[in-house]
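All remarks here apply to the structure that follows.
Values in this text are rule-based calculations from the coordinates and carry no lab data. In this text the structure is predicted, and so the values were computed from the model without any measurement. Glycine also receives a Cβ, built like all others from the backbone with ideal geometry; neighbour counts cover every protein chain displayed.
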Amino acid sequence: MSAIDGILDEARSELTRLQPEEAEAAMHSGALLVDTRPLEQRQRDGEIPGALVIDRNVLEWRLDPSSEHCIPQARADQQVIVICNEGYSSSLAAATLQRLGLRGATDVIGGFQAWAGRGLPVVSS
C-alpha cells in the first residue's frame, strides 16, 4: 500500500460517505453540496444544479466559519458534502473540513462520475 492510500483510508475512516442518490436527497434537505472539480472538468462533463463551486485550493478558507474569507453559506452546523471527479480528493477535503469543526462534512462515493452515471441531474456548462 502506498503512503497516499494509507492517508486516504484514514480520512475515509472518519467519514460517513454518501452514495450519489443519498447526496442528492441530503442536498434537497438543506445540505451544501460543494463541487471542487476544476473548470476544465466542469466544462467537459457538466455541472450539478444547485451545487456550490469552490476551487479545491481555497476550500478550507471558504468553509471554515472562523476564517475571514468564509462564505455566507458556510455554517458549522450545516452538512457539507464535497464532490470531486471520482471521489478521491473529496475524501481528503471532507476529512480536513471535519478537523476545522464541520463535523457533518463528508463526500460522494464515486464522485461526479458516479453521480452522472446514475442519471442524476447534470447541466451543460
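Observations on the model:
- Some residue of the stretch 61-78 being small (Gly, Ala, Ser), on the phi > 0 side of the Ramachandran plot and in contact (Cβ under 8 Å) with a residue 40 or more places away in the chain: no
- Residue within the stretch 45-63 that is among the β-branched types (Val, Ile, Thr), touching a Cys at 6+ places or on another chain (Cβ under 8 Å) and within 28 Å of Ser125 (Cα to Cα) present: no
- Selection status of Gly87, at positive phi, surrounded by 15 or more Cβ atoms within 10 Å (Cβ to Cβ) and part of a loop (DSSP other than H, G, I, E, B): yes
- If you filter the stretch 1-25 down to residues that are of a type in the set (Gly, Ala, Ser) and under 19 Å from Gly117 (Cβ atoms), you find that the one that is surrounded by the most Cβ atoms within 10 Å (Cβ to Cβ) is Ala23.
- Taking the criterion of being under 13 Å from the mean Cα position of the chain (by Cα) and of a type in the set (D, E, K, R), the residues of the stretch 63-113 that qualify are Glu86, Asp107.
- The condition of being in contact (Cβ under 8 Å) with a residue 12 or more places away in the chain, touching a helix residue (DSSP H, G or I) at 6+ places or on another chain (Cβ under 7 Å), of a type in the set (Asp, Glu) and over 26 Å from Asp5 (Cα atoms) holds for only one of Asp45, Asp107, that being Asp45.
- Positions within the stretch 36-47 being in a loop (DSSP other than H, G, I, E, B) and either surrounded by fewer than 17 Cβ atoms within 10 Å (Cβ to Cβ) or among the aromatic types (Phe, Trp, Tyr) (or both), in sequence order: Pro38, Gly46
- Here Gly50 passes the criteria (1) of a type in the set (Gly, Ala, Ser); (2) in a helix (DSSP H, G or I); (3) within 15 Å of the chain's Cα centre (by Cα) except the one numbered (2).
- Residue in the stretch 9-16 that is in a loop (DSSP other than H, G, I, E, B), under 22 Å from Pro121 (Cα atoms), in contact (Cβ under 8 Å) with a residue 40 or more places away in the chain and within 14 Å of the chain's Cα centre (by Cα) present: no
- Number of the condition not met by Leu33 [criteria: (1) farther than 20 Å from Asn85 by Cβ; (2) part of a strand (DSSP E or B); (3) not charged (D, E, K, R)]: (1)
- Only residues that are assigned to a loop (DSSP other than H, G, I, E, B) and buried (at least 19 other Cβ atoms within 10 Å of the Cβ) were counted in the stretch 65-84, giving 3.
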